[in-house]
Amino acid sequence: MFLEDTIAAIATPPGEGGIGIVRLSGPEAVQIAEKIFKPRKATFPLKSHRLHLGWVQGPQEGEIIDEVLLTVMRAPRTFTREDVVEINCHGGIVPLRRVLEATISLGARLAEPGEFTRRAFLKGRLDLAQAEGLLQVIRAKTGEGLQAALGQLEGTLSRRVREIRQEILLLLARLEAAIDFPEEEDVDEVTGRQVKAQGAGILEKVRALAEGARRGKIYRDGVETVIIGRPNVGKSSLLNALLREERAIVTEVAGTTRDQLEEYVNLAGIPLKIVDTAGIRKTRNRVEIIGVERARNLAQRGDLVIFILNAAEGIAREDREIASILQGKQVVVLLNKIDLGENIPEAEVRRLLPGAEAPIIRASLINQQGLEELELAISQLVFQGQVEGSRADFLASLRQIQALERASASLLDMLAGPLEDPDLLSIDLKAAYAALGEITGETVEDDLLDKIFAEFCIGK
Amino acid sequence: MGSYDVIVIGGGHAGCEGALAAARMGCRTLMVTLSLETIALMPCNPAVGGPAKGHLVREVDALGGEMARNIDATCLQVRMLNTTKGPAVHALRAQADKRRYEERMRRVLEDTRNLDLRQGVVESLLTEGGRVTGVLLATGTVFAAPAVVLTTGTYLRGKIILGDLQYDGAPGGQVAPQGLSRSLKDLGLDLMRFKTGTPARVDGRTLDFSRMMEQPGDGEPLSFSFRNMPARELPDQMSCWLTHTNERTHRVIQENLHRSPLFTGQIEGTGPRYCPSIEDKVVRFADKAGHQVFLEPEGRHTLEYYVQGMSTSLPEDVQLAMLQTVEGMEKVRIIRPGYAIEYDCIEPTQLDRTLEVRGLPGLFTAGQVNGTSGYEEAAAQGILAGINAAQKARGRDMLVLDRSQAYLGVLVDDLVTKGTSEPYRMLTSRAEYRLLLRQDNADLRLTPSGYRVGLVEEKQYQAFLRKRDQVEGEIRRLGQVRVNPTPEVQEVLTRLGLGELSGPVTLERLLKRPEMDYAALKKLSGDIPPLDREVERQVEIQVKYAGYIDKQKAQVEKFLRMEKRSIPEDIDYEGVPGLRKEAREKLKKHRPRSLGQAGRISGVSPADLSILLLYLEQRSRAGRGSGP
């Protein structure tokens, strides 16, 4: 679970535009890289600790995802003391993600937050002080509130995965009950043919789900997010706070001017595309005179609006004007600067945005306070499908898509298994069930026994 | 009044294996039992084995235990179940002659060097400085030992329930000991109250077998014990008989539910789900027109029959009325009524994987007192507890089996890691690596462990080594020898109804073909050495299922990586920053010994494991006093 498989992730440091890096680490890193990489000059095996120019190929014949610079670093002289490959892409967020997906389709696993660092630590590359810092990061990502809330969320994907799991479980229960209770009349013998026929149907569903997940607008493009508010209310503080974290993926949309800069933030597995970050930054240096106009334009675009108010100063006339143009939008209200005073009661916010069930977050961005609550609120809205774009399709993270693909692979194995040994088919069926369980966070054995005893009258 | 290396309390299936193991390993051993007349008693069904249970019996045998040999020597009927399915789940089951089973086991105990038997009631455990030092009998007699194995089955504060009748008692009409539970509580152990039940026994002369379906044994020679292989065919097998309940039976039950202690609330605990009472089945699966009833002989020298499938705690008059509605049982006479029994058992998460009680060195527990059900589950725990008590007494390393090595490993890990809310029964679906844990390879998996601790005798071990070498040698040979598509070979293949060869191929590849078996292979390659049937079978399974076996081995490797990351015993979970509260509480309660075990505790998430892993790494480096 922790070591010795090959992990991959987008590893671009925040704040850098244009170029993004996909990093691989583990025993199969080089092998995977050589499968997708078409070097311009270099020959395989690629020389270690050198930059190689070439292209990353897509799954289709002759398809090129991006022109890249690729570095192979063989163990042990690497950050993680494992084989490491870094792929420098420059085509922006979409090719970056496709390169990552290509490595994953060849067997790499999506890295967990901080996992490269963790490996480095476990292999003895980091000292204790660095390790302390690492613990902090992981702790932040697993904050109790966020974990619990995410666990309760019932997205469309989870619901469909659960339905499929139920189907697999029932099939498994029939298989296993026939094995454990061979003399029970209530338990029919299940033939390999029956298992495979049903398994084929399940495979179709899993594939359709993976396909749908890939199409999911939010996964592909990110949630268009607008940060809005009066001058000096804390928009750039929020942007910076979001970007400062390790999760930030920053890029420029190719061929655009700095004025329309968009930046990506990965928030609890959801990519947020924050619109007009240049506009937010500019106001740091000069007086912002176009507050309301800007808001009007931006609000049209956003799937999600983060509306910042100055909690200390109370609601101003300009706030009311902005609020009036947010009709029908999904809004999260951030009451900033509570360290200076709290002069906006919740009821007043509700009057300001009638009809909207906007979550209200109390924050002091300067003190890093309220960020976790904001993450929680946003992820809840998205997972509950309340944000436009998440409603049409469903949301899946790359990790979840990967789990769907592993489930497909196991089901395919199952279909290729021997007809005469239905209990062998259960090995792959259980693997598929477990892979799907990683999406919903559930395990196998106990479910299975419960199902067997609920379905069949067993007991001699 | 005497001192021993190991004392075993109880003479049931766990107690017998525990005492035999310790004594055979050379420890001076005492078995204290309530009654010498009920050694190896089978108070419930007259059968040993079946899916997963049969696997356990083979594992006990591979470790050097007695159950397999005892049932081989005394059974009435033997059958291999699940033969239409893969080899991992083939399961041997035997009908037992209860009396002969008990008698033979008692004699084996008596014939064992270093082993003393003693009838008596243990009143309390003796301790000194937090360690177990011996036992005190109700008569005031004291026996001392540095290791004690507790195998009290369903006896502790047993209460028998039958309709509205309730009384203190235990199986076999014995008195239920009352004192020992208190002694255990005083020592800080958490106890649970479980219930189980048994059906009526009836007079065979009142059964009309002509209206039932005969269930004969297999004609094939079969044996549980590896030491009895090649097996001999069992002569004069006795049959079981199958009949069914019907709507009239169900009506009798429905009309008398108000008199069932299950439904009146006299019995509080939920019984085991895999062994529900007939009243439970009728209520929960009301749409079923009939349930199976097997009449099973209790022995050769008695006409008593066991009514499998009709476990009940209804009042006796209802039991009789209900039995008499069943086809072929219209004139049935009850010899012993069915009953439910409630008893004290130990919350098993207090145990280590050695079956030693955590925090009470020297005390081991095994069998139903650990919350399990079944003779086989008891015997398997018994042998492990016996081995470890002996190792403890001699100051040697204890034996731990993990989930990839044995059903016994799965059983113990489930108990000590997850605990159980009903009497725990072994099922093949509880084992993740089922294809590796076959009944046919129990010796390959466990005999070296049994030999290492000194339980497996030299003779058994040498036979085992011979078999293992033969299997390995033959598999190697099959990979080297090629068969060419000569006309003779093609002709043999066609005659066997198999496809022809398109080119030269190794015997190994040929054997992997689904329609091919080892017997056919012999016809293709003249120079195959003569091998035992068991060896041939083993070669065939290992070659044919190599793909799946490798897949499971890869899973095991992953699993072991986590198992090997051990958690120090003295860890203070309050001092681990970043753990969620639920995880912290669970870890404090269960005190897992490895990260792998921690991950199987419900409520401990992968994120918690990450944090724990980092904490442990950090701690071990700080302990070394320097960074890398």
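The values are calculated or read from the model by the stated rules, or taken from the named source; none is laboratory data. This is a predicted model, so every value here is computed, not measured. Cβ atoms come from the backbone with ideal geometry, glycine included; neighbour counts cover every protein chain shown. SASA here: full protein model, heavy atoms, side chains in, ligands and nucleic acids out. Shrake-Rupley method; radii C 1.70, N 1.55, O 1.52, S 1.80 Å.
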Within the bounds of the range A:166-181, is there any residue that is at pLDDT below 80 and either more than 17 Å from the chain's Cα centre (by Cα) or not in a helix (DSSP H, G or I) (or both)? no
Any residue that is of a type in the set (Ser, Thr, Tyr) and farther than 17 Å from B:Glu508 by Cβ - is there at least one of those in the range B:542-565? no
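Per-residue answers, yes or no, for (1) at pLDDT below 95; (2) open to solvent by less than 30 Å² (accessible area, probe 1.4 Å); (3) within 14 Å of chain A (Cβ to nearest Cβ); (4) farther than 26 Å from B:Gln174 by Cβ:
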position	(1), (2), (3), (4)
B:Gln77	no, yes, yes, yes
B:Thr83	yes, no, yes, yes
B:Arg113	no, no, no, yes
B:Leu125	no, yes, no, no
B:Glu128	no, no, no, yes
B:Ala145	no, yes, no, no
Looking only at the range B:1-51, filter to residues that are modelled with pLDDT of 95 or more and of a type in the set (Asp, Glu); which one of those is nearest to B:Leu303 (Cα to Cα)? B:Glu17
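Here is a list: A:Pro113, A:Pro95. Which entry is modelled with pLDDT under 85, within 12 Å of another protein chain (Cβ to nearest Cβ) and within 19 Å of the chain's Cα centre (by Cα)? Reasoning before the result, please.
On the way: A:Pro95 fails: within 12 Å of another protein chain (Cβ to nearest Cβ).
Exactly one of A:Pro113, A:Pro95 is modelled with pLDDT under 85, within 12 Å of another protein chain (Cβ to nearest Cβ) and within 19 Å of the chain's Cα centre (by Cα), namely A:Pro113.
Test B:Pro348 against the stated conditions and say whether it is open to solvent by less than 10 Å² (accessible area, probe 1.4 Å), out of contact with any helix residue (DSSP H, G or I) (no Cβ under 6 Å at 6 or more places or on another chain) and away from every other protein chain (no Cβ under 12 Å).
Numbers: open to solvent by less than 10 Å² (accessible area, probe 1.4 Å): yes; out of contact with any helix residue (DSSP H, G or I) (no Cβ under 6 Å at 6 or more places or on another chain): no; away from every other protein chain (no Cβ under 12 Å): yes.
Here the answer is no, as B:Pro348 does not meet what is asked.
In this structure, does B:Gln324 turn out to be buried (at least 19 other Cβ atoms within 10 Å of the Cβ) and in the same structural domain as B:Glu247 (by TED's automatic domain parsing)?
Working: buried (at least 19 other Cβ atoms within 10 Å of the Cβ): no; in the same structural domain as B:Glu247 (by TED's automatic domain parsing): yes.
The answer is no for B:Gln324.
Of all residues in the range B:575-600, count the ones that are assigned to a loop (DSSP other than H, G, I, E, B) and within 11 Å of chain A (Cβ to nearest Cβ).
As a first pass, look at the range B:575-600 and keep what is assigned to a loop (DSSP other than H, G, I, E, B): B:576-580, B:591-593, B:600.
From what's left, within 11 Å of chain A (Cβ to nearest Cβ): B:576-580, B:600.
The qualifying residues number 6.
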Across the range A:33-49, which residue is most open to solvent (accessible area, probe 1.4 Å) among those that are in contact with a strand residue (DSSP E or B) (Cβ under 6 Å, 6 or more places away or on another chain) and modelled with pLDDT of 90 or more? A:Lys38
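Select from the range A:393-417 the residues that are at pLDDT 85 or above and within 14 Å of another protein chain (Cβ to nearest Cβ) and write down the one among them that is nearest to A:Glu112 (Cα to Cα).
Taking the range A:393-417 as the starting set, the residues that turn out to be at pLDDT 85 or above are A:404-417.
In the following step, the residues that additionally are within 14 Å of another protein chain (Cβ to nearest Cβ) were identified as A:406, A:409-410, A:412-414, A:416-417.
Working: A:Arg406: 17, A:Ala409: 22, A:Ser410: 23, A:Leu412: 27, A:Asp413: 27, A:Met414: 29, A:Ala416: 32, A:Gly417: 33 Å.
Residue satisfying both the conditions and the ranking: A:Arg406.
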Within the set of pairs 6 or more residues apart or between chains, which connect a residue that is among the basic types (Lys, Arg) inside the range A:68-81 to a residue that is part of a loop (DSSP other than H, G, I, E, B) with Cβ atoms less than 9 Å apart? A:Arg74/A:His49; A:Arg74/A:Asp83; A:Arg77/A:His49; A:Arg81/A:Ala75; A:Arg81/A:Lys123; A:Arg81/A:Gly124; A:Arg81/A:Arg125
